[in-house]
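So the structure is just underneath, and the comments pick up after that.
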Amino acid sequence: MSLEDEIAKLAGRVGGLEKSAETTNDLLAEILNVLKSGTTPPTQDNVVALHEVAKEPLEPVVEEAPETAQEASIGDLREAMLEYGEQYGRPAMAALGARFVPEGKAPKIANIPTDKYAAVIEACGEAPEANAA
């Protein structure tokens, strides 16, 4: 391949990168406009192109915690506990989990009885002061 061909090939690649950067900047500008307007940005469940976002704010998607122990899984429990720990810190998370572990067992998620999963998930929605009881 000649030097001119190499240069033409590189010029084409640079042009493609410039177009990608321009598209990315346009999308970022649209995202900033949505955020500044106070509307709710789309969630992963209802992703739409930014130019298709309604002028009215979108209703937030609220995931409800399982209501019964049969519906709550160890995955749901771990997720709720991790979110609680991120929000209130590891000591608060450990104290919350210890409330539901049978006496004599180590205070860890694996030792929480399955029939207590829903109660733990519900308690994760409360502030640490409410969980001190």
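A Cβ distance below 6 Å, combined with a sequence gap of six or more or placement on separate chains, defines the contacts here; from the range 108-125, residues that are open to solvent by 70 Å² or more (accessible area, probe 1.4 Å) reach residues that are of a type in the set (Phe, Trp, Tyr) in the pairs LYS116/PHE100. Selection of the range 84-97 for residues being closer than 20 Å to ALA72 by Cα and open to solvent by less than 50 Å² (accessible area, probe 1.4 Å) yields TYR84, GLY85, MET93, LEU96, GLY97.
Selection of the range 22-48 for residues being at pLDDT 85 or above and open to solvent by less than 80 Å² (accessible area, probe 1.4 Å) yields THR23, THR24, ALA29. Scanning the range 98-112 for residues that are under 20 Å from GLY85 (Cα atoms) and part of a loop (DSSP other than H, G, I, E, B) turns up ARG99, PHE100, VAL101, ALA106, PRO107, LYS108, ILE112.
The values are calculated or read from the model by the stated rules, or taken from the named source; none is laboratory data. Quantities reported herein were computed from a predicted structural model and do not represent experimental measurements. All Cβ positions, glycine included, derive from the backbone under ideal geometry; neighbour counts span all protein chains shown. The protein model used for the area step is the full one, side chains on, heavy atoms only, and it has no ligands, DNA or RNA in it. Shrake-Rupley method; radii C 1.70, N 1.55, O 1.52, S 1.80 Å.
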